[in-house]
1. Suppose every Lys and Arg Cβ carries +1 and every Asp and Glu Cβ carries -1, with no other charges. What dipole size does the chain come out with about its Cα centre, to the nearest 20 debye?
2. Between the alpha-carbon centers of region 127-162 and region 277-334, tell me the distance in whole angstrom.
3. Quick one: if you take sqrt(5λ) for each eigenvalue of the C-alpha gyration tensor of the chain, what semi-axes come out, biggest first, whole angstrom?
4. Around Ser160, which amide H atoms from residues at least 5 apart in sequence, or from another chain, sit under 5 Å from its own amide H, with H modelled in the peptide plane?
5. Taking H placed 1.01 Å from N in the peptide plane, check which residues at least 5 places from Leu114 or on another chain put their amide H under 5 Å from its amide H.
6. Within region 132-176, whose backbone N sits under 11 Å from a point 7 Å along Cα→Cβ of Arg247?
7. Treating region 82-187 as a set of equal point scatterers at the Cα positions, no solvent, please give the Debye-formula log₁₀ I(q)/I(0) at q = 0.20, 0.22 Å⁻¹.
8. Looking only at the chain, where both bridge partners belong to it, what percent of the DSSP beta bridges are antiparallel (to the nearest 5)?
Amino acid sequence: MPTTPHTPFIRPIHGGNLAWAAAIAGCSPDSLLDFSASINPLGPPASVVQAMAQALGQLSHYPDPQYTDLRRALAAYHQVPANWVLPGNGAAELLTWAARDMAESHGPPGCHLLTPAFSDYGRALAAVGVPVLPWPLPMDRLLEGGTPDLPDPWPEPQASCLLINNPHNPTGQLFSAERLRPLLERFATVVVDEAFMDFLPPHQQQSLIAEVVHRPNLVVLRSLTKFYTLPGLRIGYAIGHPDRLARWQRWRDPWPVNALAAEAAIAAVADTAFQSLTWQWLPPARQALFQGLQNLPGLRPLAGAANYLLVKTGTPAPVLQERLLRSHQVLLRDCLSFAELGEHYFRVAVRSPAENERLLTALGQTLRV
């Protein structure tokens, strides 16, 4: 979409840029219904808000640079030793150190990257000069309802590193842990971003966290911002070998996680009621949204396991995006930042049933224009 007098900001590469969208819609950011950021609509949990309120007195002190209590809480949650956990200023900060690790990895330079891929992966790898070797998903097969699986053929280890995410962003595909494990034998460093894994109940998750203590070449990244509705707080963590995490700690600022974020994270992972509520809400809401999108002309949604849906569209996504903003104050995520997708895909978060219906109504009216 070309820049106009109503769009003074550079087009965002992430979802959730409400200032940019409000300038197009001609309204306040608070008036927008945001489907562009894949954030749990049920939170933040009351327990997290209460924990931050009680922690306000800590603002006059520096945080514990070792984040002892936070690491213990995260370690207990995942049943790993505490020194195998490193909290960070969102998963994005930890991705930066993962990329630097790859730059210093022994073996052929470069990183095999499952594509289409979250743009921050390219940012982090480019910042330290790590070449990217794309490993493309077969989009046509997925759109036809094929079983989620890794692409064939598997990449030969032309590079020593591999970066994937599971569930995959933006397609929402969930790869089985059984299929992922053989990759750990092929590469010197494997980074698995599980930012959306929390949205699956434990018996459905396909996490590789249990493998970390047996695989010094494996790092798993997790985010607390999406599941617990805390994107403005910036809190994530890495699970990996203590020697690797100690190296990352030496590279970074001494206090990357603020005191409120640390207390919020401790409360979040202990809130089993909120976790259960989310696992009950998501599947029926996602299925109803999927069916509603499937019934609209020119749209082909892709079934997924996360809290968002990727949709192929006959009408260019930037055109739909602008029409929805101007006429309905609804924001969806175009996929221009995913180079392999381009203008004929958009992504939408799964929100409450009423909000999802508002989106479907707005899309239906817009597609008839």
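Readers should treat all values here as calculations from the given coordinates under stated rules, not as data from a laboratory. Computed from a predicted model, the values in this text were never measured in an experiment. For neighbour counting, all protein chains shown are included, and Cβ atoms are generated from backbone atoms with ideal geometry for every residue, glycine included.
1. Numbers: 27 positive and 29 negative charges, 70 e Å.
It comes to approximately 340 debye.
2. Between the Cα centre of region 127-162 and that of region 277-334, the gap is 25 Å.
3. Working: eigenvalues 207, 131, 78 Å².
Taking √(5λ) for each eigenvalue gives 32, 26, 20 Å, largest first.
4. For Ser160, the qualifying residues are Gly110.
5. Amide H neighbours of Leu114: Trp135, Leu163.
6. Label zone hits: none.
7. Those come out to -1.16, -1.32, one per q.
8. Around 50 percent of the beta bridges assigned by DSSP in the chain are antiparallel ones.
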